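What follows is a single structure, written as structure tokens, with notes after it.
The values are calculated or read from the model by the stated rules, or taken from the named source; none is laboratory data. From a predicted model like this one, the values you see are computed outputs, not experimental measurements. Cβ coordinates were reconstructed from backbone atoms using ideal geometry, including for glycine residues, and neighbour counts include every protein chain displayed. Calculation scope for accessible area: heavy atoms of the full protein, side chains included, ligands and nucleic acids excluded. Shrake-Rupley method; radii C 1.70, N 1.55, O 1.52, S 1.80 Å.
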Amino acid sequence: MTRLFFRWLIIGALAAFAGMPQAASLGVAPTTGAGPVTFIPSRTSGVAPLYVFFDTVGQVPASVSREPFLELEYKWDFGDVGAGTWAFGSMAGIASKNAAVGPVAGHIFETPGTYSVCLTVKDRVDAVLTPTCQTITVTDPEVVFASTTVCINAVSSDFSQCPSANPADHVINSDFDAVFTAQTGAGKRRLLFNRGETFDLSVPAAPTVTGPGLVGAYGTGNRPKVLNNVANTVMLTFNTSGIADWRVMDLELDGNSAPASQGVQPNRYIQQLTLLRLEIHHTNIGVATSVSTLDIFNAAVPCTGDFPYNGGGCVSPVWDQMALQDSEIHTLGTGTVNGGGNGLYWSAIRSAVLGNRIEDATHGQGEHIVRIAFADRLAFNHNYLAYPKTNKSILTTRAPAWAGSAGLPAGTYSQYIVHGYNKLVGGDPLNSMIVVLPVSGNIDHRLRYLIYEGNLIVSGTGTQSMMSLDAASYVAVRNNIFNNDLGSANPLSLGSGDSVPPAVAYVYVHNNTFLKTTASPTCTGIGSDRCGGWTAMRLARRANNIHLRNNLVYSPLVTSTPPGYNTIASLININTNTNTAITTSNNTSDSQMLNTNPNFINASGTFGLLSDYKPACTGSTYPCGQGTPVPVWSDALGVPSTATRDLGAVIH
């Protein structure tokens, strides 16, 4: 393995813990036990491609750390050395798929074999706990599906590349949904469509039997295209509750701009659904799992209990072990009726969204790029997200109503979510980028245990908010880059005036880099967030127990003064009337923000890579050596932290 891989493997992350801690601040030298920290795989065997979710929630001994979610660094090695690198995200082309960080992780094993998955946990700059390994066994689809494979051509009679030489396994039929229903009904479990051909769809394709199953492609060339021909159609769905273990991969789903069309939407409970290397476009929604759908099916017998929320005998619990990886979802909201045009509308437990490109909801009924309606244990990493609709967001994370519903019990949080190493690019006009808040300020929704780390967040000309947090507690925002050159919004905003959801609390903003080398425009008349005074970190109202340390800011051309601000520019603006227990330490000063150039190397010339934000400094020359010890054990590039800390996301 290369040195760069090892650096990536030790990127700092955070570990999850089930209880609600009471400490207001983090230590940097936790009490360390002998370890090891264990983890729970969602399954240990299955057929390739095999998605496995890895979970440390509740597995950290009290002797290891009093705050494992916020103090520990988790490093995963999946033993899958041929997995390649991620194509998207803030480490595109560099970060290995064989490695992950954080208290929760997901991985798809595409090659048959036996893998040793190892977890290493670090609790200080120089302390590593005992590694833990478990074995995952992945079986060969050629063996598992030897008697249940069928190859399907639209018009071609050439089946020479079909894995089965049996003529009975060769079908010519361009009607995707009809052949899908017929072949699964005949006992086939691996349906392979010929690459380079187009198949028509007029009603949803819907597996009704449990897996293992696979819908994919064979041959060479472009993905097989499934072309939708009718309005109000979900192209692929699951309407039978309780089935499991299906893979849908290597297909192009073309919604054909039909009104209210959707790519993939399971309507009933399914577990172990893997979506791999799909292209979904010209639909209203790309992929959707909606809790409101579960409310309908569970109206007679509501679900009860805590994770996995399937108590009480309800017929369709929330989706479990879903993965979306290496897929492209774009050109959204193109239908002419209904709203809600999202690339991804996500509700699931033990799920992963990894290495996808999801963009362009600027059309007719488009809205958010990604809307997470509910998640418990989610790894959302290495994605490229861009260009939402006007007044909508790129990445919105929400929670179910605290009062509960038929699909999810009362008192359900969205929780244990890692957003890592994504790249977000803003659009125009008036869109937001990262938003954590309820659907409405009059409804009680709650989130906790969220991590934002290593993300590259680049504003657009119309960006009105880069990152806004509300109704969430125990949140780490660390090692992120906020490039606000094209926008005028304040990059980070905490709290709001809403009175119903709980105040944002216990937020740890450590070692982020904020850059704005352009001048802010004067006020546009729509609020101080759009005025020229520009504050890197803004604490609005109802933000408590907030910790801001080691943050690096450079904005030399910000000169105008917004209403209500006393200075032309400030690193931090705090509403002291409603915010309490605010700790600020070792951040860039207001003077340094305006006058002291950290001399970022910007090797690419575009500030498009995390490595571009490495400062050229030595020793204790600003911003080097100006930080204070915090539980951030590696920088954004995976370089281990030293006892003397730098400011910002990338150390010198």
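If you roll a 1.4 Å probe over the heavy atoms of the protein chains, what accessible area per residue do you get for the chain, in Å²? Write down the numbers at each step before the final one.
On the way: 20680 Å² over 652 residues.
That works out to 32 Å² for each residue.
Mind ordering 368-379, 444-455 by average Cβ neighbours within 10 Å, highest first? Intermediate results must be reported in sequence, preceding the final value.
Values: 368-379: 27.0, 444-455: 25.5.
The densest-packed peptide leads the list: 368-379, 444-455.
222 nm [θ] for the chain, helices only, -39500 (n - 2.57) per DSSP H run of 4+, per residue, to 500? Don't skip to the end; give the middle numbers.
Values: 6 runs with 38 residues, N = 652.
The helix contribution divided over the chain gives -1500 deg cm²/dmol.
Could you check the simple spin-label distance between Thr621 and His363, using points 7 Å along Cα→Cβ, in nm with one decimal?
Going from the Thr621 label point to the His363 one covers 5.2 nm.
When only the heavy atoms of the protein chains count and the probe is 1.4 Å, how do Thr397, Thr181, Thr293 rank by accessible area, highest first? Write out the running numbers ahead of the final one.
Details: Thr397 0, Thr181 85, Thr293 25 Å².
Sorted by accessible area, descending: Thr181, Thr293, Thr397.
With an 8 Å Cα cut-off and a minimum separation of 6 or more residues, compute the relative contact order for the chain in percent.
Numbers: 2121 pairs, mean separation 60.4, N = 652.
So the answer I get is 9 percent.
Given the C-alpha centroids of the range 187-238 and the range 119-158, what is the distance between them in whole angstrom?
One Cα centre to the other: 22 Å.
For labels at Asp158 and Thr580 in the simple 7 Å Cα→Cβ model, what's the distance in nm?
7.4 nm
Please give the residues of the range 178-212, grouped as numeric ranges, whose backbone N is less than 19 Å from a label point set 7 Å along the Cα-to-Cβ vector of Thr220.
193-198
Roughly what angle does helix 176-185 make with the longest principal axis of the chain, taking Cα atoms, 0 to 90 degrees, to the nearest 10?
Between the helix axis and the principal axis of the chain, the angle is about 70 degrees.
Between their Cα atoms, which of Lys225/Lys392; Lys75/Lys225; Lys97/Lys392; Lys423/Lys614; Lys188/Lys423; Lys122/Lys423 are more than 28 Å away from each other?
Correct reply: Lys225/Lys392; Lys75/Lys225; Lys97/Lys392; Lys188/Lys423.
For an R0 of 60 angstrom, estimate the FRET efficiency from the Cβ-Cβ distance between Asn602 and Val301 and round to the nearest 0.05. Please list the in-between numbers first.
Numbers: r = 59 Å, r/R0 = 0.98.
The value I calculate is 0.55.
With a point put 7 Å past each Cα toward its Cβ, work out how far Asn229 is from Cys118 in nm, to one decimal.
5.5 nm
Percent antiparallel among DSSP beta bridges with both residues in the chain, to the nearest 5? If you can, show how the numbers build up before the last one.
Numbers: 29 of 173 bridges.
The antiparallel proportion sits near 15 percent.
Please go through the range 313-421 and write out the GluC sites (Glu not before Pro) that DSSP classes as loop and that have at most 16 other C-beta atoms within 10 Å. Kindly include the intermediate steps, with their values, before the conclusion.
On the way: sites: Glu328, Glu359, Glu367; in loops: Glu367.
Taking the range 313-421 and a limit of 16 other Cβ atoms within 10 Å, no loop GluC sites (Glu not before Pro) are found.
Residues in the range 94-124 near a label at Ala146, defined as backbone nitrogen under 19 Å from the 7 Å Cα→Cβ point?
Residues passing the 19 Å test: 112-114.
Based on the mean of other beta carbon atoms within 10 Å per residue, what is the order of 186-194, 111-119, most packed first? Let's see the in-between values first.
Working: 186-194: 21.6, 111-119: 16.6.
Ranked by mean Cβ neighbours within 10 Å, highest first: 186-194, 111-119.
Accessible area, 1.4 Å probe, largest first: how do Asp590, Asp55 sort? Kindly include the intermediate steps, with their values, before the conclusion.
Values: Asp590 65, Asp55 15 Å².
The ranking, largest first, comes out as Asp590, Asp55.
Which listed residue (His652, Ala299, Met322) has the Cα farthest towards the positive end of the charge dipole for the chain, taking +1 on Lys and Arg C-beta and -1 on Asp and Glu C-beta about the Cα centre?
Checked the options; the winner is His652.
Consider the candidate values (1) 28.6; (2) 25.2; (3) 28.0; state which one is Kirkwood radius over Cα pairs in Å computed from the structure displayed.
(2)
Carbon and sulfur together cover what percent of the accessible area of the range 116-239 at a 1.4 Å probe radius? Show your work: numbers first, answer last.
Values: 2610 of 5130 Å².
Heavy-atom surface of the range 116-239 belonging to carbon and sulfur, 1.4 Å probe: 51 percent.
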